[in-house]
1. Answer yes if at least one residue in the range B:493-503 is in contact with a Phe, Trp or Tyr (Cβ under 7 Å, 6 or more places away or on another chain) and at pLDDT 95 or above, and no otherwise.
2. Mind checking which helices (runs of 4 or more DSSP H) fall wholly inside the range B:394-486 and carry at least 1 residues that are more than 14 Å from every other protein chain (Cβ to nearest Cβ), at negative phi and crowded, with 23+ Cβ neighbours inside 10 Å?
3. Residue check, A:Leu684 against (1) under 17 Å from A:Arg622 (Cβ atoms); (2) not in a loop (DSSP other than H, G, I, E, B), all met but one. Which one?
4. Is it the case that B:Asp535 is charged (D, E, K, R) and touching a residue at least 60 places away in the same chain (Cβ under 8 Å)?
5. Would you check which residues across the range B:44-62 are of a type in the set (Val, Ile, Thr) and buried (at least 23 other Cβ atoms within 10 Å of the Cβ) and list them?
6. Pairs needed: first member in the range B:15-37, within 14 Å of another protein chain (Cβ to nearest Cβ); second member anywhere, at pLDDT 95 or above; C-beta distance under 6 Å; at least 6 residues apart or different chains.
7. Take B:Tyr583 and tell me if it is of a type in the set (Ser, Thr, Tyr), in contact with a Lys or Arg (Cβ under 9 Å, 6 or more places away or on another chain), modelled with pLDDT of 95 or more and surrounded by 19 or more Cβ atoms within 10 Å (Cβ to Cβ).
8. Could you identify the single residue in A:Thr87, A:Thr153, A:Thr101 that is out of contact with any strand residue (DSSP E or B) (no Cβ under 6 Å at 6 or more places or on another chain) and more than 11 Å from chain B (Cβ to nearest Cβ)?
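The values are calculated or read from the model by the stated rules, or taken from the named source; none is laboratory data. Note that this is a predicted model, so its numbers are computed, not measured. Note that we place each Cβ from the backbone using ideal geometry, even for glycine, and neighbour counts take in every protein chain shown.
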2 protein chains.
Amino acid sequence: MNIVQELNEKQFDLHYINKYASLMAQGNGYLGLRASHEEHYAEQTRGMYIAGIYNKFTPNEATELVNLPDVIGMKIEINGEIFSLLTGTILSYDRSLNMLTGELTREVVWQSRSGERFRLTFQRFVSKDDLHLLASKVEVVSLDRNASIKIITGIDAQGSNFGKQHLHEENVRVLDKRIMQGIYKTSESNHTIAVATSCILGKESDISFGAKNRQLLGTITQELVVEQPFTLEKISSVYTSNDMLREDPASAAVNTVQKYLTEGYDNLRDSNTIKWQDFWKQKRVVVTTNEKMDQLAIDFSLYHIEVMTPAHDERFSVAAKGLTGEGYKGHVFWDTEIFIAPFHLFTDPEKAKKLLRYRYLHINEAKEKAATNGYEGTLFPWESAFTGKEETPEYAAINIITGQRQKVASALAEHHIVADIAYAVVQYYQNTLDEGFMAKEGLELLKETARFWISRATEDNGQLSIKDVIGPDEYTEHIDNNAYTNYMAYYNVQHALQYMEKFNDVDTDLIQKATDFLNRLYLPKPNDENIIPQDDTFLSKPEIDLTTYKQNQGSQGILLDYSRQEVNEMQILKQADVVMLLYLFPELFPEEVVKKNLQYYEEHTIHDSSLSKAIHAIVAARCGDQENSYRFFQEACLIDLGPNPKSSDEGLHAASLGANWLATIFGFANISMDINRLKISPKLPSEWEKLSFPFQWQGSVLSFTITHRSITVTKQSGPPLTIEINGEEFNLTDQLKTSL
Amino acid sequence: MNIVQELNEKQFDLHYINKYASLMAQGNGYLGLRASHEEHYAEQTRGMYIAGIYNKFTPNEATELVNLPDVIGMKIEINGEIFSLLTGTILSYDRSLNMLTGELTREVVWQSRSGERFRLTFQRFVSKDDLHLLASKVEVVSLDRNASIKIITGIDAQGSNFGKQHLHEENVRVLDKRIMQGIYKTSESNHTIAVATSCILGKESDISFGAKNRQLLGTITQELVVEQPFTLEKISSVYTSNDMLREDPASAAVNTVQKYLTEGYDNLRDSNTIKWQDFWKQKRVVVTTNEKMDQLAIDFSLYHIEVMTPAHDERFSVAAKGLTGEGYKGHVFWDTEIFIAPFHLFTDPEKAKKLLRYRYLHINEAKEKAATNGYEGTLFPWESAFTGKEETPEYAAINIITGQRQKVASALAEHHIVADIAYAVVQYYQNTLDEGFMAKEGLELLKETARFWISRATEDNGQLSIKDVIGPDEYTEHIDNNAYTNYMAYYNVQHALQYMEKFNDVDTDLIQKATDFLNRLYLPKPNDENIIPQDDTFLSKPEIDLTTYKQNQGSQGILLDYSRQEVNEMQILKQADVVMLLYLFPELFPEEVVKKNLQYYEEHTIHDSSLSKAIHAIVAARCGDQENSYRFFQEACLIDLGPNPKSSDEGLHAASLGANWLATIFGFANISMDINRLKISPKLPSEWEKLSFPFQWQGSVLSFTITHRSITVTKQSGPPLTIEINGEEFNLTDQLKTSL
C-alpha cells in the first residue's frame, strides 16, 4: 500500500533549522506549533500560535498572530554538559514527521565532548482528538556508563514575535506540586491565554519548581543507569478567553492536563493517531509514480491544510502562513477563498462553509470599509484577522535608504478580494446546493459585494471601467480595467442577480443597477494576436529579458535591480492575472486563446509569487501541455519542500499547498462542473501511473481512480448522478469504470 | 611595577557565559555594555544599558533599566559554517579585560567542523573619552587555505529584558550608504534612544543592508586569503533624549560616528587608554603581596565602580548592579551612599557631591512619599530610579505554590535609608568643607531627614521608640528600636541641629523638636553580656545551627528550609546590623564591646547579603583580629570573582565592590577622622607587604604607603595638615615617613 509519507530530516544543519521548524510544524487548526528543537539554539525561532489570538504591539502597527509561551523547550544537561547538537559529535540523527499519525520524532545518538554516548529520543504531537492538548516525550539512554541528567523545562514566556512582546504575565503557579500554570494577557486585544503543563517522570525523580523572568520551570535531576532509559513526558494544555467556555481558561487548561496525566503520552498519541488515520482515509490523494517527491508533496499539502484550518470555529480563518510562522502576521488573504477553501469544499463542505461564515460574520466591517472609501456594499479587507477590519499595514517596511515608508497600496486597491469571496460563495452553493446558507448569508454576501462593484465602476463614454486597481499580479499597480478584476466583478454581479431571482429577492433598484452594470462593464477581449490585455496599458509597456530573475524565482530579486515604480512600467509579472482568470473560468475562451495567453504571460512572469506555478500547471494541463504542466507542478511543490534553506523560515506558503491539490484535481484529473453536471477529462502526467482521490459534489461522496487507460468512479453515498467523462455522459449509481 | 591587573578567561565554558559577561562588562558611567560574545549563544544574556533610561513594561510593574539595541553582536559564517565555539574545535581561547586600558580582547584559534583553522581576534571598548562612543574590531585569519567569510552585523533591537520589550522602533536608516541608524522610544517613559553604527572594512568588501523584524543589518562578504588578516571595525554611538543636547539624539549619534570613522578603532582605543591610565594614576590602590587575587580584586572593584558611576550627570546615580545587568532592575539603594560614594568622596569629591545632588534633586518626591505615609520631612525611596519616586516593586515575585504575591516591606519599613543619606551628607561636608553645598542642599537634606525621624518616632512612657522598621538585616522584619536605625536617626537629627546652628538657621520649632527627640530617643545599649540588642526582641528569639547555610553563603538557602516568617522569629541574620553600626561609628563603643558584638552577631549571620563580609573585615581589622579580617576580605572579594558560575549572571554586586575598597582603606589602612583630624592606625594583614593608595581629605591630595614597618604620607596639594598616626600627631607639609 502506498502509505502516507513521512517527512524526513536526515542531518542536523543550522542553516535549515527554521525551514524545518515550519515544514514539520504540527497543529489542529486551533493550535499551531513550530517544530523547533527541545534544546535551544540562538538561530532558532520557536513558535506556538492559536487561531484568532492577535495583538498590536503598538497602536500604529498591524495586529499580528501572537507567539505564545513555550512548553516544548527544555535545557538538558548530561554529566554537567549542556546538550546541544553543536557540541560533541552527532553519531546519528533522524527526525521525521509522520504525517499518518501527526507525530514528530527525533532520534539522536550523541557523543558528548567528554566522549560518552547517549541516545536521545524526542516525540511530540498536537492533539487532533482534543484541540487544547499537546504532549511531548523525551527518552534518554546512557550507552556507555552511568551518568547524571538534569532537565529544566516548564512554561517559558520570554519568547516574542521577533522582539515584540505581546503578552503580559498575569500569574504563574504550581498546583498540587505538579501542574505548572501560566496565565497571560495580550496587551492590546485583551485575550487571556492560559497554559498548563505537567511532567510525568519514568522514575521517582526529583522535581523542583521556580519562577523568574517570565519563566516557570521545573528542574528534574536523575541518575542515568547505563542502558536503562529515562523518560520524561510533558502533558500540556492551552486555552484562551476566545474559547467561550463556561469555566475560565486557566481552570480549563489545568483540568485538561489533570484529566490526561494518568493516560500518559503513548495512549494520548494513539488517540491522536486514530483521528489522523480517519483524515487520511477520507481525504487522501494517492499517486502511483516513480517520482517519489510527488506523493510526499501532496501528502504534505493536505497534512498542512488540515493543520492550519481552524475548522472548529467560524470566527477564524486560514492565515497566509497558517499557524506555522509569523509571516504576513497571521493575516487572512484571498488565498483562503481561492486556493485553500476548494480542498475543503470538495472533501468536507462544512469546513468551506465555516470559512465563508468567517467573512459573513464581518460583513459590517466590510460595509464600513466600503463606506469609508466612498463605496457602497462591502469592501472586504485585503488582510483580515480577528476583528474583520482592514489589517493591512498602512505603510510598508521603511526604505532604509530614503527613510520613507511607502503606503501599502493593497488595502486601497487590491479589490478583487471582494469578487473572490463572491466567487467562493457561488462555488460553495453550486457544489453543495446548500439552500439554507445561500438564501441568507450567501445572498447577502452576493448582493453586498455586487453593490460594491456597481459603486466602484466609473463611466467612460457610456462604458463602465474599473480604474486604479491592483490585480493578483502585484508587480503592476494602479492600473485600469484589470482583466482579472473586471471579469470577476462581472461574475460577482451576474451571480448576485441570478440568485436574487432564484430566491425571489425583488430589490428593484439593485436589479436595475446590476443589469446596467453587466450591460456596460468593459470586459477586455483577446486582441488581434489573441492576447487578452491584462489591463489598459500593460501590452504597450516595454519588455525585458527575465531569464535571470526566473532562475531565482521567489526571491523578488527584480526589486534589487529596479524600483517598484520601474517594474510597474514594464511587462513584468509576479504572477499572471490572465492565467488566473483562465483557471477560474475554463470555458470562457476557446483553447487556442487559452494556449496563446498562457504562453505569452508565462514568458513575462517571474513566478515570484508562490501562488503562481500551480495555477500555470492547471491551465497548461487543460491545454494538453503535459510536459510544462508537470514541470510547473513539480516546481510548485518545491516552494516549501525545495532546497532553499530560508524560503519557509517565517512559515509555509498556505496558498501554494492548496494550489498543489488544485493542480492535481483540476489540472491532472481535470475535473470541472456546470451547475448540474460533473465533468472529468484527465490529463494525467506520463510520469504518473495512477491517481486516486475522494471528491464530494452536490451531496455525493465519490472517489476517483484514474490511470492512463481507465477511470473508475465510486459513489459511497448521495443521489444518482450523471457524470461526463471526456465528453461522454454516464449514469453513476455505485461504481463505474470506463476505458479511456 | 605592579601593573593594573587583567581579568582573564582561559577557557570557554557555557556555564559561565553570563557570569563573565558581567565580570568583563565595560562602560563609562553613561553607558554599560555586558561582555557578551559577538556570536550568538542561546544561553547568553546580552545587555547594553544607559544610566537613567528606565521604563515600565506594564503600569503595574516596577520601572527597570532598559536593555538597549545591540551593536556588538554578529553572525559570522566561514566557508558557509556558522562560527560558534560550540562547534568544531577550540584550539586556543584567551579572553582578557585589560583594566588598565578598558579594552576587552578575545583571541580564538578555531578549527571548523570541516577541519580548517582560523584565528579570530575580537576587541572592543566603551570610550572613556567620548561617553557616546563604543567601538569594536574583529580580525579573522585563515590559517590553512583560502576561504570565504560572511559577517552580518548592525543594530539588533530584538533583545529585551528577559522577554519584556521596552522599546518601540521608530525609524531605521542607512545614511550615506554606510552609517546605520536606529531610533527607538521607550514605551512608557518616552525616552528616545538613537543608535548609529558603521563598519570599516580592511579591504574593499561588499556590504549590503537590510532591515526586518527590528534588525538593521549589514552583510559583508569577503574572500579570505590564507594568512592575510581580514578586519572589520565597527564605530558605534548612542544618544538619548535625556542628553539635553541642542541637536536631536539621532543626528548626534550619526555625527559622532561620522566624526570618528576616519580615526579608526586603534586610534580611538588609544584615546580611551589614556583616560583609563589617568584614572589609575589618580585612584589606584596597590598591594604588594603573594596573594595574587587581592590586587586583582581591588583593581576589579575600582574599575567597576568607575564604569558604573554616572559622574557626568547628577540626574542619575549608581544602581545596585551598576550598568552590568538587570538585577534589581537598575534601581538605586542605600548601597550608593554607604558603600560606593566613599570611594569617590576620598578620591574625587565632586563625584560624591553629584551622587548627593541626585538625592537633592528628588527632595520633593521624598517629601511626597513621607506625606503619603503620614510622616513629615523626606522619606527617600528604598529603591530609586529616574523619577525619584519610590520604585520598589509593590509585590514580591509570586509565590508559585500559593499563587499569592507578598507585599514588599522594604519600601514601607526600610527607613534607615533616610539617615544613610544624611550620614553621607555629613561625611561629604566633613571631608570637603564644601560650605556652598552644605549651606543649601546639605542643610536642607539634613533638616528634612531630621523632620522625618522626629515624626517617625512614637512615645512609650516618655521615651521615643522607632517601631516597625527593617534594618539592613532583611531577615528580621517589622521590629522595634532597631539599633542601626535608632543610632542613625539620632546621628541624623543631631547633625541637622549642629549644622542649623553653624549656618544660623533659626527654625525654633524644629530646634525644639529635634532637641526633644535627641533627649528622649531610645538608643539600645550593651546588655550585661555587652551585646547591643539588634532590636527589642532579637536577643530573646531562638537560635539554630547555621553552619550549613553559612557554607552556602549568598544562596539564601535558609529560605528553602524555612518561611520568611519563621526566619524572622529566629536569631538569623542576612547581614549584621550592629556590625554595620560599629563600622560607621568606630568610636561609639569601647573595643571590648565591639569585639564581643562582632563575635556574637557573626555567629548568627549567614552573610547571604553581599554587603556583609567586607564590613565584618573592617570591624575585625580594627579589633586587631587580623586573621578573620583578612579571611572576611578575601571571601568578600569572591562574591563576584569566585567560582560560583551563576552568582553574577544578572550583574555585579556594586556595593560589595565599594566595600572592598572600604575594607582596604578603613579596615587594613584603618583610616578614620574627626571633624578636623585625619587618623591612621594600620592593621595590615600579615600577607601584605605593602599597601599604597591615594586619599583626599579636606582639600588635601594625599598618598599613603604602608608597610609593616613604616608609613609614608605624601601631600601633593592642599593646606598644611595635622595627621595622627597610631595616636601620635604629625604635621604634614610635603611628605612624612614614620616607623611603626
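1. Applying the first criterion (in contact with a Phe, Trp or Tyr (Cβ under 7 Å, 6 or more places away or on another chain)) to the range B:493-503 yields B:493.
Those left that are additionally at pLDDT 95 or above: B:493.
Yes, the conditions are met somewhere in the range B:493-503.
2. Numbers: elements: B:410-413, B:416-432, B:443-456.
Per the criteria, B:416-432, B:443-456.
3. (2)
4. Against the criterion (charged (D, E, K, R) and touching a residue at least 60 places away in the same chain (Cβ under 8 Å)), B:Asp535 qualifies.
5. Initially, the range B:44-62 is screened for residues of a type in the set (Val, Ile, Thr), giving B:45, B:50, B:53, B:58.
Within the range B:44-62, B:Ile50, B:Ile53 meet the criteria.
6. Cβ pairs passing all conditions: B:Ile17/B:Glu43; B:Ile17/B:Gln44; B:Asn18/B:Thr45; B:Asn18/B:Asp649; B:Ser36/B:Ala21; B:Ser36/B:Gln44; B:Ser36/B:Arg46.
7. On the way: of a type in the set (Ser, Thr, Tyr): yes; in contact with a Lys or Arg (Cβ under 9 Å, 6 or more places away or on another chain): yes; modelled with pLDDT of 95 or more: yes; surrounded by 19 or more Cβ atoms within 10 Å (Cβ to Cβ): yes.
In short, yes.
8. Values: A:Thr87 fails: more than 11 Å from chain B (Cβ to nearest Cβ); A:Thr153 fails: out of contact with any strand residue (DSSP E or B) (no Cβ under 6 Å at 6 or more places or on another chain).
Exactly one residue qualifies, and that residue is A:Thr101.
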